[in-house]
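Written below as structure tokens is the structure these notes are about.
The values are calculated or read from the model by the stated rules, or taken from the named source; none is laboratory data. Please read these numbers as outputs of a predicted model, since none were measured by experiment. We place every Cβ from the backbone using ideal geometry, glycine too, and count neighbours over all the protein chains shown. Surface accessibility is based on the protein's heavy atoms, side chains included, excluding ligands, DNA and RNA. Shrake-Rupley method; radii C 1.70, N 1.55, O 1.52, S 1.80 Å.
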Amino acid sequence: QVQLVESGGGLVQAGGSLRLSCAASGRIFSINAMGWYRQAPGKQRELVAVITNGGSTTYADSVKGRFTISRDNAKNTVYLQMNSLKPEDTAVYYCNANVVLTFPRLAYDYWGQGTQVTVSS
């Protein structure tokens, strides 16, 4: 029905930057909130940042001032610009979108497959 495809992960040194992208495709009527979550080994998945269709943003305290979430509604794509990366940012990053389908006209949550971000010290 809906696919989320992430890209942009990789290995970077502490202090470096990465930009993640997540493109949604399929039976999309509209997309409500889009966000990024992450899961480090042995830890629960946690919210990193979320952006509404109106552009309002929310960030985890641990990434405020370093990460910026944005979206291109015309492309059904959400981005995460990550600056001043730290080793504790190492995790698998997952894209999430709350999508209203063309039919039935209902909203569902979808997840990407995850992309690895590794920050070396």
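For region 80-103, name all the residues that are open to solvent by less than 50 Å² (accessible area, probe 1.4 Å), within 12 Å of Ser30 (Cα to Cα) and over 13 Å from the mean Cα position of the chain (by Cα).
Val99, Val100, Leu101
Considering each residue of region 105-117, count those that are open to solvent by less than 50 Å² (accessible area, probe 1.4 Å) and of a type outside the set (A, V, I, L, M), and give that number.
Result for region 105-117: 4.
Being open to solvent by 50 Å² or more (accessible area, probe 1.4 Å), part of a loop (DSSP other than H, G, I, E, B) and of a type in the set (Gly, Ala, Ser) is true for just one of Gly55, Gly65, Gly16. Which residue is that?
One residue alone meets the criteria, Gly65.
So is Ser70 of a type in the set (Gly, Ala, Ser) and assigned to a strand (DSSP E or B) or not? Walk me through how you get there before you give the answer.
Working: of a type in the set (Gly, Ala, Ser): yes; assigned to a strand (DSSP E or B): yes.
It is true that Ser70 is of a type in the set (Gly, Ala, Ser) and assigned to a strand (DSSP E or B).
Could you check Ala23 against (1) modelled with pLDDT of 95 or more; (2) in a loop (DSSP other than H, G, I, E, B) and say which number it fails?
(2)
Taking Val92 and the conditions (1) over 10 Å from Cys22 (Cβ atoms); (2) in contact with a Ser or Thr (Cβ under 6 Å, 6 or more places away or on another chain), which numbered condition does it fall short on, given that it satisfies the others?
(2)
Which residue out of Arg45, Arg105 is touching a residue at least 40 places away in the same chain (Cβ under 8 Å), basic (Lys, Arg) and out of contact with any strand residue (DSSP E or B) (no Cβ under 6 Å at 6 or more places or on another chain)?
Going through Arg45, Arg105 in turn, just one is touching a residue at least 40 places away in the same chain (Cβ under 8 Å), basic (Lys, Arg) and out of contact with any strand residue (DSSP E or B) (no Cβ under 6 Å at 6 or more places or on another chain): Arg105.
Return the residues of region 48-63 that are without any contact (Cβ under 8 Å) to a residue 24 or more places away in the chain and over 12 Å from Leu80 (Cα atoms); say none if nothing qualifies.
Thr52, Asn53, Gly54, Gly55, Ser56, Thr58, Ala60, Asp61
For the list (1) open to solvent by 50 Å² or more (accessible area, probe 1.4 Å); (2) over 14 Å from Leu4 (Cα atoms); (3) within 14 Å of the chain's Cα centre (by Cα), I need the number of the one condition that Gly42 fails.
(3)
What is the number of the single condition among (1) open to solvent by 40 Å² or more (accessible area, probe 1.4 Å); (2) in contact with a Lys or Arg (Cβ under 9 Å, 6 or more places away or on another chain) that Val48 does not meet?
Exception for Val48: condition (1).
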